[in-house]
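Below: the structure, in structure tokens.
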Amino acid sequence: MAAIIVQRDICDHQGTLIAAAGRRVNPLEHLPLTADLIFIDGRDEDQMAYALSYPPPAKIILTAGNPSHLMQTHQRQLFYDQKGVLTTRFGLTAVPTVITQQGKSLLISEILLSRSKDHE
């Protein structure tokens, strides 16, 4: 997701053209990612612990779990991926996944957590 194709002309409030239809635009050239994004299943304690190891401003985004309960328990702001909009947009297929900015591109890393016990 380094670039998007503008679907229709985009103009400001005075009608000045900002981006013409068909133009390829990389949003990261204009607005950097200000924090790492950590996607996790909040019901998995190992994933929760992994995500909490990242200090703010990293943003923890839940794909499942109870955000209110987890925020109260961990005293940390959490976000919820409503209807999977972000996971779909970024093409994520597994969690935990960390998204960081590398230059003008996004680096999407699936994380394999070692398990201390066998999960069957």
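Hey, does the range 9-26 have a residue that's farther than 27 Å from ALA94 by Cβ and among the hydroxyl-bearing types (Ser, Thr, Tyr)? Looking for residues that are farther than 27 Å from ALA94 by Cβ and among the hydroxyl-bearing types (Ser, Thr, Tyr), one finds at least one in the range 9-26, hence yes. For the range 14-26, name all the residues that are free of Cβ contacts under 8 Å to residues at least 24 places away in the same chain and open to solvent by less than 60 Å² (accessible area, probe 1.4 Å). Those that are free of Cβ contacts under 8 Å to residues at least 24 places away in the same chain and open to solvent by less than 60 Å² (accessible area, probe 1.4 Å): GLY15, ALA19, ALA20, ALA21, GLY22, VAL25.
Determine whether LEU70 is aliphatic (A, V, I, L, M), farther than 20 Å from GLN101 by Cβ, surrounded by 13 or more Cβ atoms within 10 Å (Cβ to Cβ) and within 14 Å of the chain's Cα centre (by Cα). So LEU70 does not fit the description; no. The residues of the range 27-67 that are without any contact (Cβ under 8 Å) to a residue 24 or more places away in the chain, out of contact with any Pro (no Cβ under 7 Å at 6 or more places or on another chain) and loosely packed, with under 12 Cβ neighbours inside 10 Å, listed by number, are HIS30, LEU31, GLU45, SER53, PRO55, PRO56, PRO57.
The values are calculated or read from the model by the stated rules, or taken from the named source; none is laboratory data. It should be emphasised that the depicted structure is a prediction, and the values quoted were computed from it without experimental measurement. Using ideal geometry, Cβ is built from the backbone for each residue, glycine included, and neighbour counts are taken over all protein chains shown. These accessible areas exclude ligands, DNA and RNA; they are computed on the full protein's heavy atoms, side chains included. Shrake-Rupley method; radii C 1.70, N 1.55, O 1.52, S 1.80 Å.
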